[in-house]
Amino acid sequence: MTWGGSYQGMAMMSVSILHLQPTALPPTDISLSVSSIPENSPINTTIGTFTTTDPNPGNTFTYTLVSGYGDSGNSSFNISGNTLHSLVVFNYEAVQSYSIRVRSTDNTNQYFEKVFTITITNVNEAPTNISLSASTIPENSPVNTTIGTFSTTDPDSGGSFTYNLVSGTGDSGNGSFNISGTTLRNSAVFDYETQSSYSIRVRVTDQGGLTYEKSFTITVTNVNEAPTNISLSVSTIPENSPKNTTIGTFS
């Protein structure tokens, strides 16, 4: 046996190398960088950006809102590229969260779907109205008589408020009144026969420093008062005047 001849035969054999192509697998998860938006944000406010977990490196992805379980809030949002935007102006006091269903599709047309909850965060909003429980006071009432109490209409529930008399349109009567807490009181004794109404301007400030102002008319009501004097036009009569002679008239 000649070893050299066998070696030469082996050297002439061709070697084939098998190249395995990676299997295209679907995405396995979707993430959203931010999932909350403040109420009253304008339409098309950016909420967050999507990213996809995929076992195949180098894939690209498109994101769409799709129907299915958890899609009830889809119509309030849109996706541009990989960014989630608002399609409406949200009101925390009406709805605090929305559910959307998102699909990530890779460049091999395989996809993964996931439901996200988008939370609406509360924003302090300014008061919208002031009410006064009573706006009349009887004349001659002593100083610091309670006239009425203030209350405020505010989009936010559970707010706290302070009330002040402020300058501006309708403030001409401010000097005749004071506010203690939520209570309006008089700082003067009113006389209906001299002045029967006063105008005041009130500011309410909420716990976040937002304000609303309103003018009120305070009416002074008439009170029956005792007479203070009697006059007689004539108080003399000549002697010998007959019975029932008119002497004078009272006022």
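The values are calculated or read from the model by the stated rules, or taken from the named source; none is laboratory data. From a predicted model like this one, the values you see are computed outputs, not experimental measurements. Cβ coordinates were reconstructed from backbone atoms using ideal geometry, including for glycine residues, and neighbour counts include every protein chain displayed. Only protein heavy atoms, including side chains, enter the accessible area calculation; ligands, DNA and RNA are left aside. Shrake-Rupley method; radii C 1.70, N 1.55, O 1.52, S 1.80 Å.
Observations on the model:
- Meets criteria (open to solvent by 60 Å² or more (accessible area, probe 1.4 Å) and hydrophobic (A, V, I, L, M, F, W, C)) for Val220: no
- Any hit, region 133-149, residues being in contact (Cβ under 8 Å) with a residue 40 or more places away in the chain, in contact with a helix residue (DSSP H, G or I) (Cβ under 9 Å, 6 or more places away or on another chain) and open to solvent by less than 60 Å² (accessible area, probe 1.4 Å): no
- Qualifying residue in region 161-184 (condition: in contact with a Pro (Cβ under 9 Å, 6 or more places away or on another chain) and at pLDDT 95 or above): yes
- Filter result for Tyr198 (in contact with a helix residue (DSSP H, G or I) (Cβ under 9 Å, 6 or more places away or on another chain), more than 30 Å from Glu125 (Cβ to Cβ) and either open to solvent by 30 Å² or more (accessible area, probe 1.4 Å) or not in a strand (DSSP E or B) (or both)): yes
- Of the candidates Thr52, Thr62, Thr23, the single residue that is modelled with pLDDT under 95 and either surrounded by fewer than 15 Cβ atoms within 10 Å (Cβ to Cβ) or not in a loop (DSSP other than H, G, I, E, B) (or both) is Thr23.
- Sole residue being among the acidic types (Asp, Glu), in contact (Cβ under 8 Å) with a residue 24 or more places away in the chain and in a loop (DSSP other than H, G, I, E, B), chosen from Glu225, Glu213: Glu225
- Counting only strands (runs of 3 or more DSSP E) that fall entirely inside region 80-126 and contain at least 2 residues that are out of contact with any Gly (no Cβ under 8 Å at 6 or more places or on another chain) and farther than 27 Å from Ser157 by Cβ, the qualifying elements are 97-106, 111-121.
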